[in-house]
Amino acid sequence: MSGKRRHFIDHLHPQKVSLRTLNPLATLGFGIAALTCLGTIFVTGLTLFLYYNPDQKHAYEKILHITTTLRYGRLIRDLHYISANAFLIFSALHLIRVFLTAGYKGRKLCWMYGLGLLSLTLMANFTGYILPWDQVSYWAVKVGATLMGYFPVLGEELRRFILAGADIGADTLPRAFAIHVGLLPPLFIILTGLHLWRFRKSGGLAASQEGRGESLPVDPWLYRAEAAVALLTFALLLLAANFFHSPIFERPNPQHPPNPVKAPWYFVGVQEMVSHSAFWGGVMVPTLIAAFLVLAPFLDRSRSPGGQWFSRDRWILNLIFLIIVLSQILFLIVGQWFRGKNWVFLYPFGGF
Ligand code: HEM
């Protein structure tokens, strides 16, 4: 400390870091990018909270009011929407990076907290999706909740908990709102704190002794790198808010579903799998993937230290992981862009 008062940020960091930590290829900056999204979500979410009303009669008008008449309302809603989706994407990219570098080695608890964070992120996106209470969000949540119900043991309970009943009803919107703004934010704060604390306690980024290289003071080297990633992420979020707007469609009509009804994009891959087989797509594959992610750090018996990309002695685990990632991306793309009315396959260039 050398006489200098250490503030909060200093306590999250050691005083020195290895050169490897400063190498952009070591983390690709996804963890910090996810944190930046989380910060943006909190700030914009607090603002939206002041104007929204989780009542079925008023929710839709409130969203219209925020979007069309409130000063900066549209930008704040767009930023909230974009950073929520980006948060999910950056968290998934961060997980992929951690897996392919075996960053979980000696950091099993950090990995488990990470999986918890990913589940919270999905839940936050899902409960947020319903809040505009328009035709698309109404039906997407109905389908998404049905898919969630397939998941063994917890699925049906979770579905009923989120919908506040067996199906969407008068209590669904207040329940989703309560989970979205009352339950999840404190859980995010606690779990992110635990995640970063475990990371710090485990000695920072996983690396072999030789791989660590020379050490440099965190202030200014790591701080500058983190600030650069955070600013770049925020700039990208702002730029995206210029091009993509958070949607609002017509009022919900519980009697007339759109055709096709699609789940929110992050569940469309599961929807596509379920369209082939409810048992395999809705139950077995998601369960096996979840089990693989939880058990991977325990199954990994390789000798190479964590922190190396695509280490040879982990090729089987990496291969299984890549097959999972690529197949899920494929299902998602097909479900999102290649399915039309009645879930019929749309050929990309027509004429078939
Ligand atoms: C959802 C929000 C998340 C946030 C904000 C977050 C944040 C971070 C940050 C800032 C680091 C420091 C290194 C870096 O920047 O890459 C880190 C490391 C780590 N994270 Fe996450 N993380 C999240 C989710 C996850 C997930 C989903 C997993 C995997 C299940 C995970 C597993 C880990 C592990 C094992 C490390 C140590 C990596 C190593 O030493 O190479 N995190 N996280």
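Annotations
- Once both labels are positioned 7 Å from their Cα atoms along Cα-to-Cβ, the gap between ARG312 and THR287 label points is 3.9 nm.
- Think of the stretch 1-61 as a dipole: +1 on every Lys or Arg Cβ, -1 on every Asp or Glu Cβ, centred on the Cα centre; then among ILE32, PRO14, TYR51, PRO14 lies furthest on the positive end.
- A cut-off of 5 Å between modelled amide H atoms, ignoring neighbours fewer than 5 places along the same chain, links ARG339 with LEU346.
- Using Cβ point charges alone (K and R +1, D and E -1), the dipole size of the stretch 135-284 about the Cα centre works out to roughly 140 debye.
- Geometric descriptor of the chain, per residue, is 162 Å³ (volume of the convex hull of the Cα atoms).
- Dipole of the stretch 178-231 [Lys/Arg +1, Asp/Glu -1 at C-beta], most positive-end residue of SER208, VAL229, THR192: THR192
- For the options PHE331, PHE30, PHE49, a Gaussian network treatment of the chain with springs between C-alpha atoms closer than 10 Å singles out PHE49 as fluctuating the most.
- For trypsin sites (Lys or Arg not before Pro), the sites in the stretch 56-131 that DSSP calls loop and that have at most 12 other Cβ atoms within 10 Å are LYS57, ARG71.
- Among GLN336, GLN271, GLN209, the largest mean-square fluctuation in a Gaussian network model of the chain, built with springs joining Cα atoms closer than 10 Å, belongs to GLN209.
- Amide N of the stretch 257-272 lying under 15 Å from the label point, which is placed 7 angstrom from the Cα of LYS341 along Cα→Cβ: 257-261
- Over the stretch 50-171, the ratio between the Cα radius of gyration and 2.2 N^0.38 Å evaluates to 1.27.
- Considering only Cα atoms, the convex hull volume of the stretch 149-221 works out to 159 Å³ per residue.
- Cα-projected label distance for LEU238 with LEU330, points at 7 Å along beta-carbon direction, nm: 4.1 nm
- Part-to-part distance (alpha-carbon centres) for the stretch 1-62 and the stretch 258-272, which is given in Å: 30 Å
- For ARG339, the shell of other residues with beta-carbons less than 11 Å away shows a net charge of +1, using +1 for Lys and Arg and -1 for Asp and Glu.
- Label point distance in nm, ARG160-LEU46, each placed 7 Å from Cα along Cα→Cβ: 3.7 nm
- Length available on full extension from LYS201 to SER304: 0.36 nm per residue minus the Cα-Cα distance, which gives 35.0 nm.
- 3J(HN,Hα) couplings calculated from phi for the stretch 159-170 with the Karplus curve 6.51 cos²θ - 1.76 cosθ + 1.60 (θ = phi - 60°) are, in sequence order, 4, 5, 5, 5, 7, 6, x, 6, 9, 5, x, 4 Hz; Gly and Pro show x.
- Pairwise FRET efficiency - LYS57 versus ALA278, Cβ, R0 = 35 Å, nearest 0.05: 0.50
- When the chain is treated as a GNM with alpha-carbon contacts under 10 Å, the residue of GLY204, GLY307, GLY31 showing the greatest mean-square fluctuation is GLY204.
- Note on the chain: lysine pairs with Cα distance below 16 Å, sequence gap of 8 or more or different chains, count 6.
- Gain in span if fully extended, ILE96 to LEU187, counting 0.36 nm per residue against the direct Cα distance: 30.5 nm
Read the figures in this text as sums done on the coordinates, not as results from a lab. These figures come from a predicted structure and were not determined experimentally. Using ideal geometry, Cβ is built from the backbone for each residue, glycine included, and neighbour counts are taken over all protein chains shown.
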